[in-house]
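J.: Can you read through this structure? Questions will come right after.
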Amino acid sequence: MNTHTINCPQCGSDLPLTFRYSKLMLCDHCGSSLFLEDDAVRFAGKQSILPEYPSLLQLKQTFSYLNNTYLPVGHIRYDYEKGFWDEWWVIDNSGEGVWVTVDEGDFAFEREIEPPSPLQFQDLRLDTMFDGWLVTERGHATCEGFEGELPKIVTIGASFDYVDLSKRGGKLFSLEFSDQGIKAAKGIWVDPFEIKVDE
Ligand SMILES: [Zn+2]
C-alpha cells in the first residue's frame, strides 16, 4: 500500500497519508483539521480529540473480513438521539475505500451511491416502503468529530436528518438530508464475529 507524507502547516509534524484521494485530515499532534487540495495542505480549524470508547476497530490496525484485509485510516463520529454511531473509512488490499458503520455493536459495509431524486425526508415515514425498501429508522444527527484521513469534507457540529432503510438479507440503504443536499449509501450488515482484528 502506498504511503506518502505531508507536513502539518501548523506544527510541522510529519503525517503519513495512506489513501491517495484523501481530502481531509486531522493532525494527531496538534488537533488541526487540514484540507488536502492537490499538493497543497491548508489549515481548516482546530478540533478537540474525540472521546475514546471501547472499539473493535482502531485507526491503523488492520482487520480481516472473509478473505479481505482492511486498514482503517479515518473515523467520523455522529451523535443522535440514542447515543452515537461511528463511520470508519477503511482501505482494502487493492487501495479501494469502503465505509464501515458501527452502531451499538452492529457492523455494516457501505458504499456511497448517487442519491435517488427527487426525495424528501418528510416522505420517508417509519415502517413505510420506498422502492422495495422498508424505512426502519429516521432521526437527526450531528457530526461530533473525526480523526485520521477522510475522502470527503465533514463539518464538526453540522447536523442533518437521516433515514435508514432495510431489505431482506441484511441489506442497508442509508440517506442523509442536509442543506448541502442528499447523500446516499448502500451496503450490508455483517456478522461482527467474522471481523478479525490483527494482533
Ligand atoms: Zn499539527
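The values are calculated or read from the model by the stated rules, or taken from the named source; none is laboratory data. Please read all numbers here as calculations on a predicted model, not as lab measurements. Note that each Cβ is placed from the backbone with ideal geometry, even for glycine, and that neighbours are counted across all protein chains shown.
J.: With Val154, Val163 as the choices, which residue is part of a loop (DSSP other than H, G, I, E, B) and aliphatic (A, V, I, L, M)? Please lay out each step first, then the result.
T.: Details: Val163 fails: part of a loop (DSSP other than H, G, I, E, B).
That would be Val154, the only listed residue that is part of a loop (DSSP other than H, G, I, E, B) and aliphatic (A, V, I, L, M).
J.: Let me ask something additional. Just one of the numbered conditions (1) among the aromatic types (Phe, Trp, Tyr); (2) in contact with a helix residue (DSSP H, G or I) (Cβ under 6 Å, 6 or more places away or on another chain); (3) surrounded by fewer than 12 Cβ atoms within 10 Å (Cβ to Cβ) is not true of Phe177; which one?
T.: Failing condition for Phe177: (3).
J.: Something else about it: At least 1 residues that are within 24 Å of Ser174 (Cα to Cα) and touching a residue at least 24 places away in the same chain (Cβ under 8 Å) in each: list the strands (runs of 3 or more DSSP E) lying fully within the stretch 1-120 that qualify. Give the steps one after another, and end with the answer.
T.: Working: elements: 4-7, 14-17, 24-26, 32-37, 40-46, 63-65, 68-80, 83-92, 97-103, 106-113.
Result: 24-26, 63-65, 68-80, 83-92, 97-103, 106-113.
J.: Quick one: is Val190 under 25 Å from Ile49 (Cα atoms), out of contact with any helix residue (DSSP H, G or I) (no Cβ under 7 Å at 6 or more places or on another chain) and of a type in the set (A, V, I, L, M)?
T.: Values: under 25 Å from Ile49 (Cα atoms): no; out of contact with any helix residue (DSSP H, G or I) (no Cβ under 7 Å at 6 or more places or on another chain): yes; of a type in the set (A, V, I, L, M): yes.
Criteria not met by Val190.
J.: Kindly list the number of the only condition in (1) surrounded by fewer than 16 Cβ atoms within 10 Å (Cβ to Cβ); (2) at pLDDT 95 or above that fails for Gln120.
T.: It fails just one condition, (2).
J.: All but one of (1) more than 16 Å from Thr5 (Cα to Cα); (2) surrounded by 13 or more Cβ atoms within 10 Å (Cβ to Cβ); (3) not assigned by TED's automatic domain parsing to the domain that holds Glu149 hold for Tyr53; state the number of the condition that does not hold.
T.: With respect to (1) more than 16 Å from Thr5 (Cα to Cα); (2) surrounded by 13 or more Cβ atoms within 10 Å (Cβ to Cβ); (3) not assigned by TED's automatic domain parsing to the domain that holds Glu149, Tyr53 is out only on (2).
J.: How about the stretch 166-181: which of its residues are outside any strand (DSSP E or B) and at negative phi? Steps first, please.
T.: From the stretch 166-181, those outside any strand (DSSP E or B) are 168-170, 179-180; that's our starting set.
Residues satisfying the conditions are Arg168, Asp179, Gln180.
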